[in-house]
Amino acid sequence: MELYTTGYLDNGLGFLIAPRPGAHLIHLAAYLDHGVKDERQQENGISHLLEHVLFNPNNLTGAQGKQWEALAKSGARMEAWTGKEHTRLGLSCLPRDLPKVMAFTADLLRNPKVTKQALEHERKIVLDEIHRKRNRPEFLWTLVEEALYAPPYGMSILGPPEVVAQLNLKQMRQRALDACTPERTRLVIAGKVDSGAVRLIEDHFEDWYAPPLHAEHHPVEIVPQLIGVPSRSERVTLYLSCPGPALGDTDRPATEVFASLLGGGLRSRMFQRLREERQLAYAAQGGSSHWRRSGYLFMAMDLSRERVPEAFRCLMDLIQEMQADPPGEAETDRSEEHTSELQSPYV
């Protein structure tokens, strides 16, 4: 059993240190409790744009730029990601460079810099990203959340182009100060590391203080609706979703097993019934997504337009059958193994 070191500093910053026997690198991730959940509709997309501005190494200047240049030459890598609830800054480095990476990360978070040049540069890139993704099939998955949730959880991570285009420098600088605080920061360090990293965290973050955050937490509202995207194609992709448990809910593991039984792979009930037995759909799958404050189950199928009503009735019958006659022990055990493999950090 692996031993983790966890804790909090007096300023509210939390940390987790996870040694990985045999690892050659160290991965440091800073999770900021800031994402779409903190946005209003008139500023939807500001979290994602801010991530681009703050955490693109090409925007770094002065001492931060020199720090990163030295780390990059030593093989360090940096990436960032924005979601509904969190923004993630990730860095990978050799074990010998962890003190320098820790100092660099502390400087980025404690002194977030938003310049006009970086804002306009990243705005163009994000607007292009929005237009590119809206023309790709995976964008349709965002409509599942939009169809199930009211704002803010029903809003896009990228935001509408007309909103992103008008976000100004003052808004971005204030948002950077709101997002980068010790209370909102959680550090996760994994790889060739030990509990001695706690001292590094204390050295660089212990004296970091910011005014108490009084963020407004918008309620998570479920407002099911039907959303259709017009198309002349004879092929249709049908998405269905329903509310599910959040990450910390006790019934989340059971929900994941149920989602796997229903639509996880070629042996799932959806695939077997809709494709193999009835030949109603070319592809049929399902699963679940879980956040800290909410979650949902989803089902998707690719089929011809004329077969949508029949396939929908077939799927509803299948769900009712699973409710009336729950899966047996053997099928459930197999699904539990499949779900555990998907969740494994080594896959």
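The values are calculated or read from the model by the stated rules, or taken from the named source; none is laboratory data. Please read all numbers here as calculations on a predicted model, not as lab measurements. Please note: Cβ atoms are built from the backbone with ideal geometry, for glycine as well, and neighbour counts cover all protein chains shown. Note: accessible area is taken over every heavy atom of the protein model, side chains too, but ligands, DNA and RNA are not part of it. Shrake-Rupley method; radii C 1.70, N 1.55, O 1.52, S 1.80 Å.
Check whether at least one residue in segment 192-215 is touching a His at 6+ places or on another chain (Cβ under 8 Å), surrounded by fewer than 20 Cβ atoms within 10 Å (Cβ to Cβ) and either at pLDDT 90 or above or acidic (Asp, Glu) (or both), and report yes or no.
Yes, some residue in segment 192-215 is touching a His at 6+ places or on another chain (Cβ under 8 Å), surrounded by fewer than 20 Cβ atoms within 10 Å (Cβ to Cβ) and either at pLDDT 90 or above or acidic (Asp, Glu) (or both).
Just one of Thr255, Thr250, Thr185 is of a type in the set (Ser, Thr, Tyr) and touching a Ser or Thr at 6+ places or on another chain (Cβ under 6 Å); which is it?
Among Thr255, Thr250, Thr185, only Thr255 is of a type in the set (Ser, Thr, Tyr) and touching a Ser or Thr at 6+ places or on another chain (Cβ under 6 Å).
Quick check on this structure: which one of Leu158, Leu167 is closer than 21 Å to Glu85 by Cα, of a type in the set (A, V, I, L, M), within 20 Å of the chain's Cα centre (by Cα) and open to solvent by less than 60 Å² (accessible area, probe 1.4 Å)?
Being closer than 21 Å to Glu85 by Cα, of a type in the set (A, V, I, L, M), within 20 Å of the chain's Cα centre (by Cα) and open to solvent by less than 60 Å² (accessible area, probe 1.4 Å) holds for just one of Leu158, Leu167, which is Leu158.
Output the residues belonging to segment 61-83 that are under 29 Å from Lys37 (Cβ atoms) and out of contact with any Lys or Arg (no Cβ under 6 Å at 6 or more places or on another chain).
Hits for segment 61-83 are Gln64, Arg77, Met78, Glu79, Ala80, Thr82, Gly83.
For segment 105-126: of the residues being of a type in the set (S, T, N, Q) and open to solvent by 10 Å² or more (accessible area, probe 1.4 Å), which is nearest to Met78 (Cα to Cα)?
Asn111
In this structure, does Glu234 turn out to be at pLDDT below 90 and of a type in the set (Asp, Glu)?
The answer is no for Glu234.
So, in segment 283-302, exactly how many residues are of a type in the set (Ser, Thr, Tyr) and either more than 16 Å from Leu143 (Cα to Cα) or under 13 Å from the mean Cα position of the chain (by Cα) (or both)?
The number of residues fulfilling the criteria is 2.
From the residues in segment 68-104 that are in contact (Cβ under 8 Å) with a residue 60 or more places away in the chain and among the aliphatic types (A, V, I, L, M), which one is most open to solvent (accessible area, probe 1.4 Å)?
Among those residues, the one meeting the criterion is Leu94.
Taking interchain pairs and intrachain pairs at least six residues apart, which have beta carbon atoms under 9 angstrom, with the first residue in segment 157-181 and farther than 14 Å from Arg123 by Cβ and the second open to solvent by 30 Å² or more (accessible area, probe 1.4 Å) and assigned to a helix (DSSP H, G or I)?
Ile157/Thr142; Cys180/Arg110
Could you look through segment 1-26, keep only residues that are assigned to a loop (DSSP other than H, G, I, E, B) and hydrophobic (A, V, I, L, M, F, W, C), and pick out the one that is least open to solvent (accessible area, probe 1.4 Å)?
Leu13
Could you check segment 205-262 and list, in sequence order, the residues that are touching a Gly at 6+ places or on another chain (Cβ under 6 Å), over 22 Å from Arg275 (Cα atoms) and not in a loop (DSSP other than H, G, I, E, B)?
Scanning segment 205-262 gives Gly244, Thr255.
Going by the conditions given, is Val144 under 30 Å from Pro245 (Cα atoms), open to solvent by less than 50 Å² (accessible area, probe 1.4 Å) and in a helix (DSSP H, G or I)?
When the stated conditions are applied, Val144 passes them.
Conditions (1) under 25 Å from Lys37 (Cβ atoms); (2) open to solvent by 70 Å² or more (accessible area, probe 1.4 Å); (3) of a type in the set (Asp, Glu), marked per residue:
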position	(1), (2), (3)
Arg267	no, yes, no
Ala281	no, no, no
Phe298	yes, no, no
Glu310	no, no, yes
Cys314	no, no, no
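Which condition does Tyr149 not pass, out of (1) open to solvent by 30 Å² or more (accessible area, probe 1.4 Å); (2) touching a Ser or Thr at 6+ places or on another chain (Cβ under 8 Å); (3) at pLDDT 95 or above, if it passes all the others?
Unmet condition: (1).
Quick check on my filter: what residues within segment 72-120 are in a helix (DSSP H, G or I) and out of contact with any strand residue (DSSP E or B) (no Cβ under 9 Å at 6 or more places or on another chain)?
Result: Lys73, Arg96, Pro99, Ala103, Ala106, Asp107, Arg110, Lys116, Gln117, Ala118, Leu119, Glu120.
Just the residues that are in contact with a His (Cβ under 9 Å, 6 or more places away or on another chain) and open to solvent by less than 10 Å² (accessible area, probe 1.4 Å), please, taken from segment 40-58.
Answer for segment 40-58, where residues must be in contact with a His (Cβ under 9 Å, 6 or more places away or on another chain) and open to solvent by less than 10 Å² (accessible area, probe 1.4 Å): Ser47, Leu50, Val53.
Of everything in segment 296-335, what is in contact with a strand residue (DSSP E or B) (Cβ under 8 Å, 6 or more places away or on another chain) and either on the phi > 0 side of the Ramachandran plot or in a helix (DSSP H, G or I) (or both)? Give them in sequence order.
Residues satisfying the conditions are Arg305, Val308, Ala311, Phe312, Leu315.
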